[in-house]
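Structure first, then comments.
The values are calculated or read from the model by the stated rules, or taken from the named source; none is laboratory data. Predicted, not measured: the structure shown is a model, and the values here were computed from it. Here the Cβ positions follow ideal geometry from the backbone for every residue, glycine too, while neighbour counts run over all protein chains shown. The protein model used for the area step is the full one, side chains on, heavy atoms only, and it has no ligands, DNA or RNA in it. Shrake-Rupley method; radii C 1.70, N 1.55, O 1.52, S 1.80 Å.
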Amino acid sequence: METPTIEGGARYGMVIDLDRCNGCGACAVACAVENNVPPAAAKANDRTGITWMRVHRVENAGDPRAAFVPLLCQQCGTKTPCASVCPQNAVETDPASGIVAQVPVRCLGCRYCMAACPYHARSFNWWDPEWPGELAQALNPEVSTRTRGVVEKCTFCSHRLQEARQRQAAEGEKKAAVEYTPACAEACPAGAIAFGNLADPQSEVARLASAPGSFRLLEALHTGAKVYYRSERDWVRRAADGRAAATDGRTHG
Amino acid sequence: MPFTRRDILFGLGGSAAGLALSPLPWKLLDDVSIWTQRRHALPLPPRGSVSFRATHCTLCPGGCALRVRCVAERPLAAMPAAGQPGGAGACALGLTLPHLPLHPLRLAGPQRRNGGRPEPVTLETAVEQIAAATRGAEKDGRSVMVLDRRPGRVVSTAWLELLSALPNGVYATLPGEDATFAALGGALEQPAPLGVDLEQTGTLVSFGAPVLEGGWGRPGRVLAARSRLRVVQVDAWRSPSAALADEWLSVAPGAHGLVAIALAHAVARERGLGDPLRQALAPFAPERVASAAGVDASRMDALARSLVARGPAVAIGGGDPGAGPLGNDVEQAIALLDLALGSVGVPGGFVARRPVPEAPSMAQGATLAALHEVPTASVAVALVDAADDGRALPWPALERVLAPGALVVSLSPFDGVLARRAALVVPAPAPLEAPEEVLPSADAAVASWAMAPALVPAPQAAIDGVALAARLASALGASVPQATLEERLKQRAAAIHGAGRGRFLARGERDWTETAVDSADAAYELVAQGGTWVDDPAPTPKAGARVPQLSKDAVARWTAPSADGLALVPFAVRGTAGSTPVSPLLTKLYQESDLRPPTAVVAVSPATARALRIGDHRRVRVTSGAGSVIAELRHDPSLPDGRLALAAGPDPAALQPGAMPGTTGALPLAVTEEDGTWRATRVRVEEA
């Protein structure tokens with residue numbers, strides 16, 4: 001399935017510098033706060049938990065320095081595997097932004113998409129979400145909560161894109177490509193996450209994506225992922241690819 | 001053509017097959033999935049106008065600036081504020097700051113514990129009970145102690161004034177991240193607080209401080225300097241900072257001091273330094289201490305050469321937040337290394353900063369002491385202030401100073417780890433519920449003063465430290481100033497404004513702007529809106545006037561043969577092992593991913609596990625002289641043999657109301673020493 005695009009539309013993407021990431025997990029927590037991802041259920045573990053962004057540590061005997069690989073939905077641009085298999089059209093690609101979005105109310109919970117995703121970047125709601133104490137008062141009104149029995153994943157904080165578009169419209173402008181920052185990129189204290197419009201060759205993210213040392217995970221699958229990674233270290237590039245393909249951390253929920 | 005039974009079967013089969021290929025089954029599946037969704041079980045997010053407020057994180061001494069998004073005036077989410085002077089950024093803990101006023105362990109009112117069962121009491125009753133115990137302490141000649149883990153605030157002044165008015169007041173603190181700075185500051189011609197000129201530092205040698213994982217100083221500043229800063233981590237295990245450092249020097253547990261002083265000797269030799277430093281370092285040649293330190297002498301010599309060549313180099317201690325302080329002798333040894341490196345008062349080295357101006361106070365007369373210096377069984381009333389430094393404090397460290405029948409009072413917003421040990425708990429305002437000061441972080445090169453303003457009202461029963469000190473003074477008939485927290489903060493703002501130095505920076509949407517401030521009230525308002533005061537750089541006094549001294553038995557302790565069992569290596573991320581519980585959302589890191597080891601998992605090397613005959617993922621009982629815990633054992637090839645690594649927090653029991661904390665993790669195992677450390681703990685492991 002090819003990603004539909006519109007003329008003048010954006011192609012939002014991300015570049016994560018693995019040599020800067022220190023594995024603090026701020027991106028994962030900021031993502032959960034922003035997107036109303038509930039705290040772990042009592043029985044949840046690393047296979048059944050809901051993590052839109054997950055940071056993995058990788059090591060190499062020949063290098064004293066470890067590396068951390070943040071894994072999230074790679075926002076495939078072509079042949080989007082999850083969208084191809086969804087019987088419910090619950091996965092949709094926005095032609096104006098290139099963002100692969102999940103529509104939880106359409107999802108019937110068959111988890112075909114989780115089986116199809118080569119990056120293991122999707123989570124299934126095994127339990128009713130619960131926010132202990134009064135924590136539900138801290139939910140983000142811009143993002144809907146999800147029920148038990150549906151799949152969810154990173155949306156590049158598409159609600160922030162909507163807000164940015166509304167702000168732009170209020171200022172009298174109308175462009176498909178507006179500037180905004182997802183929660184993970186805003187939260188990263190190491191400045192390891194760059195975000196922007198890949199379709200704009202002048203943008204920082206486009207420059208970084210095409211710079212030497214940048215790569216995409218599982219490139220051989222030709223998914224056209226819009227998340228790029230960077231590292232000066234060969235072994236980190238190989239390990240990141242291996243980490244994405246590994247099935248020990250997360251498979252099909 | 002006859003119509004047979006076979007035709008009926010064909011017809012039915014064909015219909016069934018056709019139906020399966022029609023949209024009907026999908027429609028049914030779809031409808032069933034929608035009908036069975038439990039949307040009524042989902043909470044409704046709050047609605048209202050969106051606004052942004054400026055504040056600072058107060059969960060550790062880092063003091064990161066935050067931008068808080070509010071809906072209908074209720075804080076929902078925090079993000080790091082760009083451009084903060086002294087380094088911008090925030091850790092995962094700080095991003096969950098708005099969750100804390102809503103935390104399930106939030107205390108609703110004062111409680112007295114009878115045999116562990118909480119019993120609600122009024123604030124008046126609680127104050128009267130503390131006053132009665134204080135009067136009893138006076139009669140018995142015992143002490144009344146306040147434990148303050150964030151000294152230097154106006155709340156600290158209020159406690160000092162109360163204790164000064166008592167005949168037996170003791171104001172106790174704990175060594176923090178700045179312990180090396182304090183040791184080194186004492187060696188100056190005129191003792192002064194110190195910071196680091198990190199932006200020009202060549203090499204940073206960290207003795208156990210988690211510098212690269214956001215656990216020391218201002219995280220944003222360290223990370224911003226990282227690309228040009230060489231980091232050497234001295235640790236007994238491959239900690240996250242060791243795994244990110246340019247060089248990890250693996251040392252024997254408890255040998256940090258020995259390595260520091262041997263490095264100092266090698267550096268002094270390399271630089272050709274003379275007396276009196278050389279004399280102090282004479283017995284510590286690397287080749288003489290290598291065996292006890294667990295590091296080859298050649299490796300220490302090579303490191304010393306590289307520190308001299310790639311300077312300016314600074315060495316810092318402070319220790320891991322979960323492993324507690326390194327101890328005064330180790331800090332003195334690190335200070336000796338810094339003196340040998342000549343890193344005081346040079347660009348890229350240690351620089352003096354002036355203290356933050358304070359309003360005049362009546363605080364004179366109380367005994368000031370580190371907690372481990374307070375005599376054993378001497379305290380009849382121990383009041384633990386609400387401020388948290390983000391570092392672990394095992395209960396035995398506090399229990400040691402308590403006299404039989406002592407009253408332990410916890411002023412805390414939460415029913416947290418220490419509060420559940422206290423006989424009396426008085427709820428304090430949670431973060432964001434009352435104004436709180438932000439003082440310079442350990443690494444800061446210049447003084448600064450900022451505030452986390454109150455963004456939500458505190459519960460009626462909550463009382464801040466200043467107000468509680470005033471009520472206690474009133475109940476005891478002691479004469480102390482009756483100013484409120486806000487009035488004291490205004491007095492301090494006036495003192496800073498009156499000092500006439502530094503600059504005030506107002507907080508904008510995305511930046512900070514230097515602003516002329518013409519009155520003390522304007523200074524307070526600027527800071528109360530999330531702005532900050534930043535001091536001018538100060539001249540650094542000459543170093544080396546006094547050589548830091550080790551205690552007589554320090555070397556004997558460092559070189560003593562190890563006892564039986566494995567060496568316990570406790571660790572924690574700053575803020576997760578203190579008395580403030582973490583947001584339940586931190587389970588994303590501790591439970592739903594393998595990024596951070598939980599307190600229910602212990603790690604040993606595969607060789608150690610083989611020697612113990614315990615397989616991977618087996619359930620084990622870990623026992624020390626202080627207690628025992630049950631955990632899952634994992635094999636970790638990065639861990640040196642003979643050591644057992646175990647997180648000190650966060651304690652999952654601390655998230656469940658009513659559960660007794662201290663049943664998992666390293667803290668129940670900690671055997672505290674006379675110098676306030678618990679790094680020499682040995683443990684036994686057996687299959688459970």
Inset, instruction - Sort through B:Leu59, B:Leu29, B:Leu42, B:Leu66 and tell me the only one that's at the interface with chain A (Cβ under 8 Å from one of its Cβ atoms), aliphatic (A, V, I, L, M) and open to solvent by less than 50 Å² (accessible area, probe 1.4 Å). - result: B:Leu42
Inset, instruction - Residues being under 24 Å from A:Asp46 (Cα atoms) and basic (Lys, Arg): count how many of those fall in the stretch B:593-620. - result: 3
Inset, instruction - Mind telling me which of the residues B:Ala462, B:Ala423, B:Ala450 ends up being open to solvent by 30 Å² or more (accessible area, probe 1.4 Å) and either within 27 Å of B:Pro650 (Cβ to Cβ) or touching a residue at least 12 places away in the same chain (Cβ under 8 Å) (or both)? - result: B:Ala423
Legend entry - Spans of helices (runs of 4 or more DSSP H) in the stretch A:1-120 with at least 1 residues within 16 Å of the chain's Cα centre (by Cα) and more than 30 Å from B:Ser583 (Cα to Cα): A:81-85, A:112-116
Inset, instruction - Kindly list the number of the only condition in (1) open to solvent by 30 Å² or more (accessible area, probe 1.4 Å); (2) assigned to a helix (DSSP H, G or I) that fails for A:Pro132. - result: (2)
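Do the conditions hold for A:Arg57, that is, is it open to solvent by 10 Å² or more (accessible area, probe 1.4 Å), modelled with pLDDT under 95 and within 8 Å of chain B (Cβ to nearest Cβ)?
Against the criterion (open to solvent by 10 Å² or more (accessible area, probe 1.4 Å), modelled with pLDDT under 95 and within 8 Å of chain B (Cβ to nearest Cβ)), A:Arg57 qualifies.
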Inset, instruction - Inspect the stretch B:17-26 for any residue being open to solvent by less than 80 Å² (accessible area, probe 1.4 Å), among the hydroxyl-bearing types (Ser, Thr, Tyr) and either within 11 Å of chain A (Cβ to nearest Cβ) or in a helix (DSSP H, G or I) (or both) and give the result as yes or no. - result: no
Inset, instruction - Identify the single condition in (1) surrounded by fewer than 19 Cβ atoms within 10 Å (Cβ to Cβ); (2) away from chain A (no Cβ under 14 Å); (3) over 30 Å from A:Pro38 (Cβ atoms) that B:Arg619 does not satisfy, given that it satisfies every other one. - result: (3)
Inset, instruction - Assess whether B:Asp329 counts as being open to solvent by less than 10 Å² (accessible area, probe 1.4 Å), of a type in the set (D, E, K, R), within 30 Å of B:Glu673 (Cα to Cα) and assigned to a helix (DSSP H, G or I). - result: no
Inset, instruction - Kindly state which strands (runs of 3 or more DSSP E) lie completely within the stretch B:414-454 and contain at least 1 residues that are under 18 Å from the mean Cα position of the chain (by Cα). - result: B:436-438, B:448-452
Inset, instruction - From B:Leu95, B:Leu107, grab the single residue that is in contact with a helix residue (DSSP H, G or I) (Cβ under 8 Å, 6 or more places away or on another chain) and at pLDDT 95 or above. - result: B:Leu95
Inset, instruction - Filter the stretch A:144-179 down to the residues that are modelled with pLDDT under 95 and in contact with a Pro (Cβ under 8 Å, 6 or more places away or on another chain), then identify the one that is surrounded by the most Cβ atoms within 10 Å (Cβ to Cβ). - result: A:Arg146
Legend entry - Filter result for B:Glu487 (among the acidic types (Asp, Glu), closer than 22 Å to B:Tyr171 by Cβ and surrounded by 21 or more Cβ atoms within 10 Å (Cβ to Cβ)): no
Legend entry - Count of residues meeting criterion [in contact with a Phe, Trp or Tyr (Cβ under 9 Å, 6 or more places away or on another chain) and within 21 Å of B:Ser378 (Cα to Cα)] in the stretch B:407-429: 2
Inset, instruction - Name, by its number, the condition in (1) farther than 16 Å from A:Thr51 by Cα; (2) surrounded by fewer than 23 Cβ atoms within 10 Å (Cβ to Cβ); (3) in contact (Cβ under 8 Å) with a residue 12 or more places away in the chain; (4) within 10 Å of chain B (Cβ to nearest Cβ) that does not hold for A:Ala190. - result: (2)
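One residue is enough: does the stretch B:108-123 have a residue meeting the conditions in a helix (DSSP H, G or I) and within 12 Å of chain A (Cβ to nearest Cβ)?
So the first thing to find is which residues in the stretch B:108-123 are in a helix (DSSP H, G or I), and the list is B:123.
Of the ones still in play, those that are also within 12 Å of chain A (Cβ to nearest Cβ) are none.
No; the residues of the stretch B:108-123 include none that is in a helix (DSSP H, G or I) and within 12 Å of chain A (Cβ to nearest Cβ).
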Inset, instruction - Scan the stretch A:149-176 for residues that are more than 14 Å from every other protein chain (Cβ to nearest Cβ), within 19 Å of the chain's Cα centre (by Cα) and either small (Gly, Ala, Ser) or closer than 17 Å to A:Ala32 by Cβ (or both) and jot them down. - result: A:Lys153, A:Thr155, A:Phe156, A:Ser158
Inset, instruction - Could you give me the residue pairs with C-beta distances under 6 Å whose first residue belongs to the stretch B:76-94 and is more than 7 Å from every other protein chain (Cβ to nearest Cβ), whose second residue is in a loop (DSSP other than H, G, I, E, B) and among the acidic types (Asp, Glu) wherever it lies, and which are 6+ apart or on separate chains? - result: B:Gly83/B:Asp511
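Suppose the filter is in a loop (DSSP other than H, G, I, E, B) and more than 26 Å from the chain's Cα centre (by Cα); does B:Ala461 pass it?
Against the criterion (in a loop (DSSP other than H, G, I, E, B) and more than 26 Å from the chain's Cα centre (by Cα)), B:Ala461 qualifies.
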Inset, instruction - Within the stretch B:266-281, identify whether any single residue is touching a residue at least 24 places away in the same chain (Cβ under 8 Å), closer than 29 Å to B:Thr672 by Cα and not in a helix (DSSP H, G or I), and answer yes or no. - result: no
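Confirm whether A:Gly49 is out of contact with any Phe, Trp or Tyr (no Cβ under 6 Å at 6 or more places or on another chain) and either more than 10 Å from chain B (Cβ to nearest Cβ) or more than 22 Å from A:Arg160 (Cβ to Cβ) (or both).
On the way: out of contact with any Phe, Trp or Tyr (no Cβ under 6 Å at 6 or more places or on another chain): yes; either more than 10 Å from chain B (Cβ to nearest Cβ) or more than 22 Å from A:Arg160 (Cβ to Cβ) (or both): yes.
Spelling it out, A:Gly49 is indeed out of contact with any Phe, Trp or Tyr (no Cβ under 6 Å at 6 or more places or on another chain) and either more than 10 Å from chain B (Cβ to nearest Cβ) or more than 22 Å from A:Arg160 (Cβ to Cβ) (or both).
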Inset, instruction - Hey, can you tell me all the residues within the stretch A:116-138 that are within 10 Å of chain B (Cβ to nearest Cβ), small (Gly, Ala, Ser) and more than 20 Å from B:Arg74 (Cβ to Cβ)? - result: A:Ser123
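Would you check if A:Pro39 is open to solvent by 10 Å² or more (accessible area, probe 1.4 Å), within 11 Å of another protein chain (Cβ to nearest Cβ) and under 30 Å from B:Pro75 (Cβ atoms)? Working first, answer last.
Working: open to solvent by 10 Å² or more (accessible area, probe 1.4 Å): yes; within 11 Å of another protein chain (Cβ to nearest Cβ): yes; under 30 Å from B:Pro75 (Cβ atoms): yes.
Considered against the rule, which asks whether it is open to solvent by 10 Å² or more (accessible area, probe 1.4 Å), within 11 Å of another protein chain (Cβ to nearest Cβ) and under 30 Å from B:Pro75 (Cβ atoms), A:Pro39 comes out as yes.
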Legend entry - Residue pairs meeting the criteria (Cβ under 7 Å; at least 6 apart or on separate chains; first more than 7 Å from chain A (Cβ to nearest Cβ), in the stretch B:586-598; second polar (S, T, N, Q) and surrounded by fewer than 24 Cβ atoms within 10 Å (Cβ to Cβ)): B:Pro598/B:Gln591
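Give the number of residues within the stretch A:51-65 that are of a type in the set (A, V, I, L, M, F, W, C) and closer than 13 Å to B:Asp594 by Cβ. Explain how you work it out, then say what you get.
Looking only at the stretch A:51-65, we keep the residues that are of a type in the set (A, V, I, L, M, F, W, C), and these are A:52-53, A:55, A:58, A:61.
Among the residues that remain, those that are also closer than 13 Å to B:Asp594 by Cβ are: A:55, A:58.
Matching residues across the stretch A:51-65 total 2.
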Legend entry - Filtered residue count, the stretch B:202-231, keeping only those that are closer than 27 Å to A:Gly62 by Cα, buried (at least 22 other Cβ atoms within 10 Å of the Cβ) and more than 9 Å from chain A (Cβ to nearest Cβ): 12
Inset, instruction - Of the numbered conditions (1) crowded, with 22+ Cβ neighbours inside 10 Å; (2) within 9 Å of chain B (Cβ to nearest Cβ); (3) within 29 Å of B:Pro46 (Cβ to Cβ); (4) out of contact with any Lys or Arg (no Cβ under 7 Å at 6 or more places or on another chain), A:Val105 fails exactly one; give the number of that condition. - result: (1)
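Here is a yes/no grid of residues against (1) in a loop (DSSP other than H, G, I, E, B); (2) β-branched (Val, Ile, Thr); (3) under 21 Å from B:Ser412 (Cα atoms):
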| position | (1), (2), (3) |
| --- | --- |
| B:Leu28 | no, no, no |
| B:Gln37 | yes, no, no |
| B:Pro45 | yes, no, no |
| B:Cys70 | no, no, no |
| B:Gln129 | no, no, yes |
| B:Arg135 | no, no, no |
